[in-house]
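Written below as structure tokens is the structure these notes are about.
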There are 2 protein chains.
Amino acid sequence: MLTPKFEHLVKQLQVLPGVGQKSAQRMALHLLSKKRPQGVSLAQALETAMCDIKECSRCHSFSDDDICPICADVRRSDSELCVVESAADVMAIEQSGAFRGRYFVLGGHLSPIDGINADDLHIDELIIRLKNSAIDELILATGATVEGQTTAFFISDAARPFVGKITRLAQGIPMGGELEFVDSLTLHQALQNRAFI
Amino acid sequence: MLTPKFEHLVKQLQVLPGVGQKSAQRMALHLLSKKRPQGVSLAQALETAMCDIKECSRCHSFSDDDICPICADVRRSDSELCVVESAADVMAIEQSGAFRGRYFVLGGHLSPIDGINADDLHIDELIIRLKNSAIDELILATGATVEGQTTAFFISDAARPFVGKITRLAQGIPMGGELEFVDSLTLHQALQNRAFI
Ligand SMILES: [Zn+2]
Ligand SMILES: [Zn+2]
């Protein structure tokens, strides 16, 4: 509409999740009007991240280097391994501050309907790692979805010979959740898993 | 949290309007996981736009070249000039499809309290342009705010000797606006400006 380079930017911005034509335009106008140096910094940060960030060779999370900061951190415990679907899940758990062990990122969940089988995830590699190292507890933190749970059961079967303690995340009412807004499946789980206070 | 280049990208993304820590993280993860080539294209579009887009020397809207596509378009009418505060306003009016004349971007509105006086806007240049060209109608499409209206009154005074017809945008109930959600100032205006049907 305004000018080709502007239109091109507006189109490219829409690759960002949750950004449509309208907010892309607002973003482009904002940067052009008031934040050009910051826009250039953003462009450079983007390009660097897209080109330089790779997968940690140990946990398959994102990393600037061959080994990520979490795998490289000597203060973290090697005796607990937390298996998640994606690097986003690593970040969510890190932000909770509730875990000081290591992670292993599967790269997704089993979903035969989408053609995603055990070979498409890093499951073999996980089992080899469990075979070759002394882990006290394997935490299967896959999603609370049908696929996530199927994936957890599949791994727990394969891992059983090599780990004494295999756990998964508790399911129940989310903090701050009003009962009337919680779905009935979650309520069912929360009732079954009820605990003494 | 994850890795320095990731953290840097998340920080830089927050220059975008409406993007906080949480959505910046979601954007970075989305691009890194599934859209790296598109992320690189976005970076390049951003850098090009920030560095290459300038102000049209005629209307002060954004332009890739010295003269913007609207000023350069020979099919548009020279007899109507629409004065707006910003390039974003040009875009909004263009998208309405209701105007086929030329624009002039002031670069803001008068706001003595913020130290923005006539000299800080392109008002002198506008008056010179009006003096030197035959314009049938000057449309003052500044914002429906105190500052926008003050700016419109200031310009209409200065432009009066050079233009026969000076107008401003109608004020009233927005399309689709439920009366109960319209503020009372707008209702007041809409009642005063009521029209036969
Ligand atoms: Zn790692
Ligand atoms: Zn122009």
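The values are calculated or read from the model by the stated rules, or taken from the named source; none is laboratory data. Values in this document were obtained by computation on a predicted structure and should not be read as measured data. Positions of Cβ are backbone-derived with ideal geometry, glycine not excepted, and every protein chain shown enters the neighbour counts. All accessible areas refer to the heavy atoms of the entire protein, side chains included, with ligands and DNA or RNA removed. Shrake-Rupley method; radii C 1.70, N 1.55, O 1.52, S 1.80 Å.
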Only one of (1) farther than 17 Å from B:LEU9 by Cβ; (2) in a helix (DSSP H, G or I) does not apply to A:SER41, and that is (1)
Residue pairs within 8 Å by beta carbon, gap of at least six or interchain, first lying in the stretch B:48-64 and more than 22 Å from A:GLN12 (Cα to Cα) and in contact (Cβ under 8 Å) with a residue 12 or more places away in the chain, second more than 8 Å from ligand 2 (Cβ to nearest atom) and in a loop (DSSP other than H, G, I, E, B), listed first then second, are B:CYS56/B:ASP66; B:HIS60/B:LEU106; B:HIS60/B:GLY107; B:HIS60/B:HIS122
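Any idea how many residues of the stretch B:50-67 are among the hydroxyl-bearing types (Ser, Thr, Tyr) and open to solvent by 40 Å² or more (accessible area, probe 1.4 Å)? Don't jump to the end; show me each part of the working.
Applying the first criterion (among the hydroxyl-bearing types (Ser, Thr, Tyr)) to the stretch B:50-67 yields B:57, B:61, B:63.
Then keep just the ones that are open to solvent by 40 Å² or more (accessible area, probe 1.4 Å); that gives B:57.
So the answer is 1.
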Conditions (1) in contact with a Pro (Cβ under 9 Å, 6 or more places away or on another chain); (2) at pLDDT below 95; (3) of a type outside the set (Val, Ile, Thr) -> A:MET27 fails only (2)
**OP:** Would you check if there is a residue in the stretch A:68-77 being open to solvent by less than 30 Å² (accessible area, probe 1.4 Å), in a helix (DSSP H, G or I), of a type outside the set (A, V, I, L, M, F, W, C) and away from ligand 2 (no atom under 16 Å from the Cβ)?
**Re:** no
Of the residues in the stretch A:8-22, those that are assigned to a helix (DSSP H, G or I) and at pLDDT 95 or above come to A:HIS8, A:LEU9, A:VAL10, A:LYS11, A:GLN12, A:LEU13
Checked A:LEU16, A:LEU32 against criteria (within 16 Å of ligand 2 (Cβ to nearest atom) and either surrounded by fewer than 18 Cβ atoms within 10 Å (Cβ to Cβ) or not acidic (Asp, Glu) (or both)); the one match is A:LEU32
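Check whether at least one residue in the stretch A:93-101 is in a loop (DSSP other than H, G, I, E, B), in the same structural domain as A:LYS131 (by TED's automatic domain parsing) and of a type in the set (Lys, Arg), and report yes or no. Show your work before the answer.
Of the stretch A:93-101, the ones in a loop (DSSP other than H, G, I, E, B) are A:97-101.
Then keep just the ones that are in the same structural domain as A:LYS131 (by TED's automatic domain parsing); that gives A:97-101.
Now restrict to residues that are of a type in the set (Lys, Arg): A:100.
Yes: one or more hits.
For the condition among the small types (Gly, Ala, Ser) and either modelled with pLDDT of 85 or more or buried (at least 17 other Cβ atoms within 10 Å of the Cβ) (or both), what is the one hit in B:SER156, B:SER184? First the steps, then the outcome.
On the way: B:SER184 fails: either modelled with pLDDT of 85 or more or buried (at least 17 other Cβ atoms within 10 Å of the Cβ) (or both).
Of the residues listed, the single one that is among the small types (Gly, Ala, Ser) and either modelled with pLDDT of 85 or more or buried (at least 17 other Cβ atoms within 10 Å of the Cβ) (or both) is B:SER156.
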*asked:* On the basis of being away from ligand 2 (no atom under 16 Å from the Cβ), without any contact (Cβ under 8 Å) to a residue 24 or more places away in the chain and more than 7 Å from chain A (Cβ to nearest Cβ), does B:PRO4 make the cut?
replied: no
Across (1) within 13 Å of ligand 2 (Cβ to nearest atom); (2) more than 10 Å from every other protein chain (Cβ to nearest Cβ); (3) under 21 Å from B:LYS165 (Cα atoms), B:ILE127 clears everything bar (1)
Of (1) modelled with pLDDT under 95; (2) basic (Lys, Arg); (3) not in a loop (DSSP other than H, G, I, E, B), B:ARG129 satisfies every one except (1)
Going through (1) open to solvent by less than 10 Å² (accessible area, probe 1.4 Å); (2) free of Cβ contacts under 8 Å to residues at least 24 places away in the same chain; (3) out of contact with any Asp or Glu (no Cβ under 9 Å at 6 or more places or on another chain); (4) not polar (S, T, N, Q) one by one, B:VAL84 fails only at (2)
Scanning the stretch A:35-49 residue by residue, the ones that are open to solvent by 10 Å² or more (accessible area, probe 1.4 Å) and either within 15 Å of B:GLN38 (Cβ to Cβ) or facing chain B (nearest Cβ under 7 Å) (or both) total 7
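Give the residues of the stretch A:87-118 that are among the hydroxyl-bearing types (Ser, Thr, Tyr) and surrounded by fewer than 20 Cβ atoms within 10 Å (Cβ to Cβ), sorted by residue number. Steps first, please.
If we filter the stretch A:87-118 for residues that are among the hydroxyl-bearing types (Ser, Thr, Tyr), which is where we start, we get A:96, A:103, A:111.
The answer is A:SER96, A:SER111.
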Residues in the stretch B:142-181 that are more than 17 Å from the chain's Cα centre (by Cα) and assigned to a loop (DSSP other than H, G, I, E, B) total 11
Taking the stretch B:119-136 and the residues there that are without any contact (Cβ under 8 Å) to a residue 40 or more places away in the chain and within 16 Å of B:GLU147 (Cα to Cα), the one that is surrounded by the fewest Cβ atoms within 10 Å (Cβ to Cβ) would be B:ASP119
